[in-house]
Amino acid sequence: MDISSEDLTAVWLTIKLAVLVTAILLLIATPIAWWLAHTRHPLRGPVSALVALPLVLPPSVLGFYLLLTMGPHGPIGQLTQSLGLGTLPFTFAGLVVASVFYSLPFVVQPIQNALEALGERPREAAATLGAGPWDTFFHVILPLARPGFYTAAVLGFAHTIGEFGVVLMIGGNIPGVTQVISVQIYNHVEALEYGRAHTLAGGMVVFSFVVLLLLYGFRRDQGAKPLL
């Protein structure tokens, strides 16, 4: 296997990024999905469109505007500088923030679909038994919507693993800091090191296939609707 220490570092950095981003996304996406699944507010449409925007925007466009926003003259950049944190572009923290934005719809939508499929009856039944909102969510809604949360976690993790355009725009290509697998594959191809590129790219293909195979199998066992 033609893999270097730089490749292994890129693999480790990518896994660390994906795990952290997935955890953050589950915390952020759950209240958003809950609100979208139950509200009738006029802003529901615009918020849904905003959440889904990364699905249709070219990654370079999203990365460009995130770069401006988090740069020294952007609102987030000015905030982080006032807090003594510097700026986020070309740092691992910047990759995390950008990846959260880019993978948000892949986590929100499966959770939202699972919550909408439950309807109002579980909450109403729990309320008649005297359960509070938190008890209802953790002991009734969460177990019933578990397939949606599993799907969201897997899709968020896998999508973060495969990012390229956004991470290159925000993180650049700094070994050990922002050089993830997709960027490392690009480096090998640019240097005509096709053997090394094939090793990493082939690993990504196998990983993606196994993730989808397990996900479809789990959803079939749980009786959930197909993803597509």
With x for Gly and Pro, the residue-by-residue ³J(HN,Hα) of the stretch 32-37, computed from phi through the Karplus equation 6.51 cos²θ - 1.76 cosθ + 1.60 at θ = phi - 60° and given in whole Hz, is 5, 5, 4, 5, 5, 6
The relative contact order of the stretch 105-228, taking Cα pairs under 8 Å that sit 6 or more residues apart, comes to a percentage of 23
Karplus ³J(HN,Hα) for the stretch 162-170 (6.51 cos²θ - 1.76 cosθ + 1.60, θ = phi - 60°; Hz, whole; x = Gly/Pro) runs x, 5, 9, x, 5, 5, 5, 5, 8
Taking protein heavy atoms only, a 1.4 Å probe, and rounding to whole percent, the accessible area of the chain owed to carbon and sulfur comes out at 70
Using a 1.4 Å probe on heavy atoms of the protein chains only, the accessible area for VAL177 in Å², nearest 10, reads 50
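Express in nm, to one decimal, how much length is gained between ALA125 and LEU27 on full extension, taking 0.36 nm for each residue of separation and deducting their alpha carbon distance.
Full extension from ALA125 to LEU27 adds 32.7 nm.
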Which of (1) 57, 41, 28; (2) 49, 46, 28; (3) 65, 45, 28 gives Cα extents along the principal axes in Å as computed here? It is (3)
Length gained, ALA49-PHE64, 0.36 nm per residue minus C-alpha separation, equals 3.4 nm
Taking HIS41, HIS188, HIS159 and ranking on accessible area (1.4 Å, protein atoms only), highest first, one gets HIS41, HIS159, HIS188
Any residue on another chain or 5+ positions along whose placed amide H is under 5 Å from the amide H of GLN179 is listed here as ILE174
Taking the alpha-carbon centre of each part, the distance from the stretch 78-156 to the stretch 169-209 in Å is 29
Whole-Hz Karplus couplings 3J(HN,Hα) for the stretch 180-194, θ = phi - 60° and coefficients 6.51, -1.76, 1.60, Gly and Pro as x, run 8, 4, 4, 5, 5, 4, 4, 4, 5, 5, 4, 8, 6, 8, 5
What helix-only [θ] at 222 nm does the chain give? Using -39500 (n - 2.57) per DSSP H run of at least 4, over all residues, to the nearest 500, the answer is -24000 deg cm²/dmol
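The values are calculated or read from the model by the stated rules, or taken from the named source; none is laboratory data. Bear in mind the structure is a predicted one, so any value in this text is a computation, not a measurement. Ligands, DNA and RNA are stripped out before the accessible areas are found, and what is left, the full protein with its side chains, is counted by its heavy atoms. Shrake-Rupley method; radii C 1.70, N 1.55, O 1.52, S 1.80 Å.
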